[in-house]
1. For the stretch A:18-44, name all the residues that are open to solvent by 10 Å² or more (accessible area, probe 1.4 Å) and touching a residue at least 24 places away in the same chain (Cβ under 8 Å).
2. Can you say whether residue B:116 is facing another protein chain (nearest Cβ under 9 Å), among the β-branched types (Val, Ile, Thr), in contact (Cβ under 8 Å) with a residue 12 or more places away in the chain and part of a helix (DSSP H, G or I), as far as the supplied structure shows?
3. Just a yes or no: is a residue in the stretch B:132-144 within 14 Å of another protein chain (Cβ to nearest Cβ), surrounded by fewer than 17 Cβ atoms within 10 Å (Cβ to Cβ) and assigned to a helix (DSSP H, G or I)?
4. Out of the residues in the stretch B:101-120 that are of a type in the set (S, T, N, Q) and more than 9 Å from ligand 1 (Cβ to nearest atom), which is most open to solvent (accessible area, probe 1.4 Å)?
5. Condition check: at pLDDT 95 or above and within 12 Å of chain B (Cβ to nearest Cβ). Does residue A:35 satisfy that?
6. Of all residues in the stretch A:45-79, count the ones that are open to solvent by 20 Å² or more (accessible area, probe 1.4 Å) and either assigned to a loop (DSSP other than H, G, I, E, B) or in contact with a strand residue (DSSP E or B) (Cβ under 7 Å, 6 or more places away or on another chain) (or both).
7. Spot the failing condition for residue B:98; the list is (1) within 16 Å of ligand 1 (Cβ to nearest atom); (2) touching a Cys at 6+ places or on another chain (Cβ under 7 Å); (3) among the hydroxyl-bearing types (Ser, Thr, Tyr), and only one is missed.
8. When you scan the stretch B:6-17, do you find a residue that is within 16 Å of ligand 2 (Cβ to nearest atom), without any contact (Cβ under 8 Å) to a residue 24 or more places away in the chain and of a type outside the set (A, V, I, L, M), even just one?
Amino acid sequence: MSTINIEKVLDLKGLLCPIPVVKISNAIKEIEPGNVIEATATDPGVMMDIPAWCASTGNELDSMEEAGGVITFRVKRLK
Amino acid sequence: MDTREKVIQELDKRYNRLVGTSATNLCTHCGWCIESCHIFKATGNPEHSPVAKAEKVRRVLKRKHDWLSRLFPKWTGAKDLTESDLDEWIEAAFKNCTLCERCVINCPMGVETPQILATARGVLTAMGKSPEILNQLTDAAIAREENMEMMEGFFRKQIANLEKQVQERMNDSNARIPVSEEADILYVPLSGAHTMVPAALIFNAAKANWTMSLFEASNYGVFVADIPKAKKVVERVLKEAKKVKAKTLVVTECGHAYGVLKWEAPKWFGKQFDFEVKSLLEVMNDYIQEGKIVLDPSKNSEPVTYHDPCNIGRKGGIFEEPRNVIQASSKEYKEMTPSKVENFCCGGGSGMVACSEWTEDRLLYGTVKVEQIKKTNAKKVVTACDNCLHQIKELGEKNNLNISVSNVSEHLANALVFS
Ligand code: SF4
Ligand code: SF4
């Protein structure tokens, strides 16, 4: 099983799209390739915006879960 | 081909009558436009005046397109392009102009400064020099369609959660958020729930025959003036409108998205669409005028003012509908001064809100808006564009304005009476 290196944890709760995407886009430049950002958000828009951003920038969406209105997701920097 | 030649080639591709007349000899340098720009007013920096910003591009265009400048460039201030000019263009066209068009209506000659600067935006994008985040958001919108198999699952899950909220608020288990089904109205939201839940409440309350689009209305392609990509973003919705047999495409409260779908897209595609394009503002107003929804204005008891988004008001021509909606759903309405066609931009338009490297500048550029809001003594600011919404919220926090901020549909939904 591969280990997950969470290098950054972001609290994006209360922020409306596209600001969570903007924050992830900035944060990904600050972590090492192969490492992961874990973030929590409340705007359901991230459930579409983050996977689409990952697909278009060549990063990987490791996981995305929603519980009690809070969305938790992990993005891995690939390059 | 060197950088200079490539820039000139890209400029030539975008050279049209509007840019041509504004860029060559129409401007008399009278200076009337200077005080009309919220960015100049906020900083007092002469470099931030509309005429100075346009001049950075105009000088290069003149060198090629104005006969006098070809012969005697020193007389007219025309110059050959240098690489450092491009850095100045980034500042002038992306950071220091929100393309709000207030200077245009205050120019006695009708000089289209924002058209000149939008042209520069397009050239900078072609040269790989426009803000990365704006290009990323454009590409993400296109990826949404290309990866729809995976995305649709996320979207439907999100909508199922929101539908429950709508049912609870309406106390009606039959209330629905249909997604991409056959319907008279195709409603195109943004990504955020605040553009979905209030609209769903309103459509359900009015018993409309509607469906929610799988796509979001925003189109960052226009902010970087990348028209081929902007067209791709629009095409997703056009295909869907055809699929669901929509008679009306209703655009959510998003300034540039309304401008794109109502005014730009028919030109880009060279045809009128088979459906009508309306703003949600117009539809809400229709429902009130037709008695399709019942409102209790006492539910919005605080004094409220309205900020005209540039793309909805000055550039879109929608002024009275939002005011009618707000007045019908509030106890006390306060008009901002100046407003409507002369309203000042909030400082967050045309992509600024997403460019985090310029956050401090953006908040400074909202100085005029802060003063306008203060003078109304309103406790709530309602607007009809997400860029404005973000910006005014941040301005309120930074300047301790003690205001709440919402879009018009949230404000109206708060006053809805469900039978
Ligand atoms: S753009 Fe218009 S208002 Fe401004 S200096 Fe030129 S002519 Fe005068
Ligand atoms: S379009 Fe607006 S921001 Fe740009 S120069 Fe004119 S007034 Fe200033």
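The values are calculated or read from the model by the stated rules, or taken from the named source; none is laboratory data. Just so it is clear, the structure is predicted and the values come from calculations on it, not from any experiment. Reconstructed Cβ throughout: ideal geometry from the backbone, glycine too, with neighbour counts over all protein chains shown. Each accessible area value is taken on the protein alone, full model and side chains, heavy atoms only, with ligands, DNA and RNA left out. Shrake-Rupley method; radii C 1.70, N 1.55, O 1.52, S 1.80 Å.
1. Scanning the stretch A:18-44 gives A:18, A:28, A:32, A:33, A:34, A:35, A:38, A:40, A:42, A:44.
2. Judged against the criteria, residue B:116 is not a match.
3. Yes; the residues of the stretch B:132-144 include at least one that is within 14 Å of another protein chain (Cβ to nearest Cβ), surrounded by fewer than 17 Cβ atoms within 10 Å (Cβ to Cβ) and assigned to a helix (DSSP H, G or I).
4. For the stretch B:101-120, the residue satisfying everything is B:115.
5. Spelling it out, it is not the case that residue A:35 is at pLDDT 95 or above and within 12 Å of chain B (Cβ to nearest Cβ).
6. Qualifying residue count for the region: 17.
7. Answer for residue B:98: the failing condition is (1).
8. No, that holds for no residue.
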